[in-house]
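Worksheet for the structure shown next.
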Amino acid sequence: MTPLLEAAGLQLRFGRITALEDVSLTLWPSEVVAIVGESGSGKSSLLRVLSGLQRPDAGRILYRGADGSLHDVPALSEATRRRLMRSEWGFVFQNPRDALRFSVSAGANVGERLMAAGWRHYGRIRQEVAQWLARVEIDPARIDDDPARFSGGMQQRLQIARSLITRPRLVFMDEPTGGLDVSVQARLLDLIRGLVADLGLAVLLVTHDIAAARLLAHRIMVMRGGRVVEEGLTDRVLDDPQHPYTQLLVSSVLAA
Amino acid sequence: MQEVLRIEGLAKTFTLHLQGGARIVALDGVSLSVAAGECVALAGPSGAGKSTLMRCVWGSYGAGAGRILLRHAGGEIDLARADARSLREIRRTAIGYVSQFLRVIPRVPALEIVAEPMIAAGMAAEEARERARALLLRLNLPEALHALPPATFSGGEQQRVNLARGFGPPRRLLLLDEPTASLDPANAEVVVGLIEEAKRAGVAILGIFHDQAVRDRVADRLFELHPVRERA
Ligand SMILES: Nc1ncnc2c1ncn2[C@@H]1O[C@H](COP(=O)(O)OP(=O)(O)OP(=O)(O)O)[C@@H](O)[C@H]1O
Ligand SMILES: [Mg+2]
């Protein structure tokens with residue numbers, strides 16, 4: 001087996017602010033890695049850099065495509081990057097509004113990804129979309145509804161259906177449960193856990209929620225001030241934290 | 001019998017950075033080995049480091065010094081130095097760990113929690129579910145509970161789910177941290193039976209048993225740990 005994504009020596013500065021300092025990461029197929037740390041620690045910057053949305057000042061990122069070819073992510077042409085985003089990569093943002101279009105129906109939001117991936121048969125697209133709505137626990141009868149009228153949790157589940165329907169190999173998630181009620185969060189996390197396991201997805205999950213990381217991730221990277229201060233197996237990092245900052249992070253949650 | 005696990009000079013110190021850098025020496029150069037089909041019971045007072053030793057083998061604690069050698073895939077792997085990926089592979093295929101408490105996964109039914117590691121280890125899903133059902137029934141967990149997530153189960157019921165999960169897949173090494181702690185005598189008896197069967201199948205077992213009667217029946221050997229402070 002070869003890694004899906006390999007990054008080394010990533011560096012990113014905004015003026016005098018260091019967003020990333022010598023960050024390295026290897027992600028294997030079907031592996032879920034959580035990136036945790038306080039806000040401003042560089043988590044989202046790392047996700048943007050790894051997905052080619054932002055060029056690092058230094059460092060190397062290699063993505064191995066489904067056809068076995070190696071892509072130099074920061075050097076991707078816009079066309080290739082768009083193709084990867086349509087087919088092999090998925091994104092789940094904290095705010096569903098960043099991914100959904102509220103001028104079209106719930107079903108169209110999900111079906112668009114299939115059409116972009118080359119599906120043409122309207123009936124079959126509609127059928128697949130209905131199945132995915134059910135899978136994310138949205139009543140398929142609401143396929144023609146306007147997602148603007150959905151609750152926050154439903155919008156988030158719709159976003160998940162939209163990004164997973166094309167069965168990406170690599171999913172970038174940025175605080176997927178942020179901004180939701182605690183009870184809604186738990187259900188969503190569990191839904192994500194089930195889908196990730198069923199589909200064998202590789203996931204890079206940015207979160208400040210230690211309990212979410214415990215539930216979903218195989219490995220954890222702890223970031224602070226743009227650096228990775230600790231990383232390892234999820235239970236190792238959470239049960240036997242070494243770095244003072246990780247100890248603080250873990251001690252501030254009760255029995256995660 | 002063939003050696004499955006050999007621990008050499010295992011040391012573990014916790015540094016509590018939030019407590020002014022206080023250092024707790026939990027293990028200080030422990031050496032021990034467990035053979036196939038053998039059950040070694042860790043003994044010693046509370047705080048002696050029994051659970052810590054077990055967690056170092058499981059990998060949820062990092063060893064400070066020493067080697068934790070597991071016979072694996074025709075060779076040997078040092079778990080004290082293995083990376084996260086190898087540890088996951090070892091957990092999937094070779095080592096089982098039954099801790100005292102079940103970490104409940106929301107909304108996942110008991111039967112699936114038990115079947116999951118068997119499926120991960122390569123068993124067909126149907127066969128895994130059938131074995132999960134049989135194990136749960138053997139541990140006197142009524143069928144009506146199998147389809148429910150264990151979040152609302154009693155402590156003893158959760159412990160039995162945990163045991164079924166641990167004894168489900170074929171293992172080379174089983175780590176049992178007080179597996180009968182919250183069980184009634186009848187269920188403790190079932191666990192004794194499961195341990196005896198595993199031993200006959202050649203599984204190496206490292207256990208912590210507070211129930212002396214259970215320990216005397218299953219353990220071939222005691223390994224005494226002493227709190228490090230007293231030893232010093
Ligand atoms: N994660 C941890 N962080 C800090 N100290 C720890 C941690 N885990 C264990 N210890 C300390 O290590 C020492 C050994 O604890 P351990 O739980 O291994 O004892 P034990 O022999 O299993 O005791 P018991 O019989 O009460 O379960 C104790 O002083 C304990 O406080
Ligand atoms: Mg203990």
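The values are calculated or read from the model by the stated rules, or taken from the named source; none is laboratory data. As the structure is a prediction and not an experimental result, all values here were calculated from the model. All Cβ positions, glycine included, derive from the backbone under ideal geometry; neighbour counts span all protein chains shown.
Is one or more of the residues making up segment A:159-167 part of a helix (DSSP H, G or I) and within 14 Å of chain B (Cβ to nearest Cβ)? So far as segment A:159-167 goes, no, none of its residues is part of a helix (DSSP H, G or I) and within 14 Å of chain B (Cβ to nearest Cβ). You will find that of A:L249, A:L215, A:L233, the residue that is in contact (Cβ under 8 Å) with a residue 24 or more places away in the chain, surrounded by 23 or more Cβ atoms within 10 Å (Cβ to Cβ), over 24 Å from A:E112 (Cα atoms) and within 12 Å of another protein chain (Cβ to nearest Cβ) is A:L249 and no other. Consider segment B:58-76 and keep the residues that are more than 13 Å from B:L175 (Cβ to Cβ) and within 15 Å of ligand 1 (Cβ to nearest atom). The one that is nearest to the other protein chains (Cβ to nearest Cβ) is B:G62. Count of segment A:183-226 residues, restricted to those that are under 16 Å from B:R107 (Cα atoms) and not small (G, A, S), is 15.
Picking from residues in segment B:35-57 that are among the aliphatic types (A, V, I, L, M) and more than 14 Å from chain A (Cβ to nearest Cβ), the one that is nearest to ligand 1 (Cβ to nearest atom) is B:A48.
Within segment B:92-139, can you find the residues that are farther than 23 Å from A:I192 by Cα and within 14 Å of another protein chain (Cβ to nearest Cβ)? Matches in segment B:92-139: B:I95, B:Y97, B:S99, B:Q100, B:F101. Taking residues in segment B:127-149 that are more than 20 Å from B:P185 (Cα to Cα), and partners anywhere that are charged (D, E, K, R) and surrounded by 14 or more Cβ atoms within 10 Å (Cβ to Cβ), the pairs with Cβ atoms closer than 6 Å and at least 6 places apart or on different chains are B:P149/B:R107.
Of all residues in segment B:39-67, none that is free of Cβ contacts under 8 Å to residues at least 40 places away in the same chain has its Cβ atom under 6 Å from the Cβ atom of a residue that is near ligand 2 (Cβ under 9 Å from one of its atoms), 6 or more apart or on another chain.
When each of B:I105, B:I113 is tested for being β-branched (V, I, T) and assigned to a loop (DSSP other than H, G, I, E, B), the lone residue that passes is B:I105. As a summary of the residue check, B:A26 satisfies the conditions (1) within 16 Å of ligand 2 (Cβ to nearest atom); (2) under 22 Å from B:A219 (Cα atoms); (3) of a type in the set (G, A, S) except for the one numbered (2). The residues of segment A:198-222 that are acidic (D, E) and within 20 Å of A:G179 (Cβ to Cβ) amount to a single one, A:D209. Give the residues of segment A:29-72 that are closer than 25 Å to A:L199 by Cα, in contact (Cβ under 8 Å) with a residue 12 or more places away in the chain and surrounded by fewer than 14 Cβ atoms within 10 Å (Cβ to Cβ), sorted by residue number. Of everything in segment A:29-72, just one residue is closer than 25 Å to A:L199 by Cα, in contact (Cβ under 8 Å) with a residue 12 or more places away in the chain and surrounded by fewer than 14 Cβ atoms within 10 Å (Cβ to Cβ), namely A:A66. Restricted to segment B:82-109, and to residues there that are charged (D, E, K, R) and in contact (Cβ under 8 Å) with a residue 12 or more places away in the chain, the residue that is surrounded by the fewest Cβ atoms within 10 Å (Cβ to Cβ) is B:R92. For segment A:119-130, does any single residue satisfy the condition of being aromatic (F, W, Y) and at pLDDT below 95? Within segment A:119-130 (the criterion being aromatic (F, W, Y) and at pLDDT below 95), the answer is yes, since at least one residue qualifies.
Specify the residue that is nearest to the chain's Cα centre (by Cα); the eligible residues are those in segment B:14-32 that are away from every other protein chain (no Cβ under 14 Å) and surrounded by 16 or more Cβ atoms within 10 Å (Cβ to Cβ).
Looking at residues that are away from every other protein chain (no Cβ under 14 Å) and surrounded by 16 or more Cβ atoms within 10 Å (Cβ to Cβ), I get B:L32.
Scanning segment A:12-50 for residues that are among the hydroxyl-bearing types (S, T, Y) and at pLDDT below 95 returns A:T18, A:S30, A:S39, A:S41, A:S44, A:S45. Being surrounded by 13 or more Cβ atoms within 10 Å (Cβ to Cβ) and more than 14 Å from B:I68 (Cβ to Cβ) is the filter here, so list the residues in segment B:1-13 that pass it. The answer is B:T13, and nothing else.
Residues in segment B:166-194 that are touching a Leu at 6+ places or on another chain (Cβ under 8 Å) and either under 12 Å from B:S99 (Cβ atoms) or not in a helix (DSSP H, G or I) (or both): B:G166, B:G168, B:R172, B:L173, B:L174, B:L175, B:L176, B:P179. Looking at the structure I just gave you, is A:G194 surrounded by fewer than 19 Cβ atoms within 10 Å (Cβ to Cβ), of a type outside the set (D, E) and more than 14 Å from chain B (Cβ to nearest Cβ)? In short, no.
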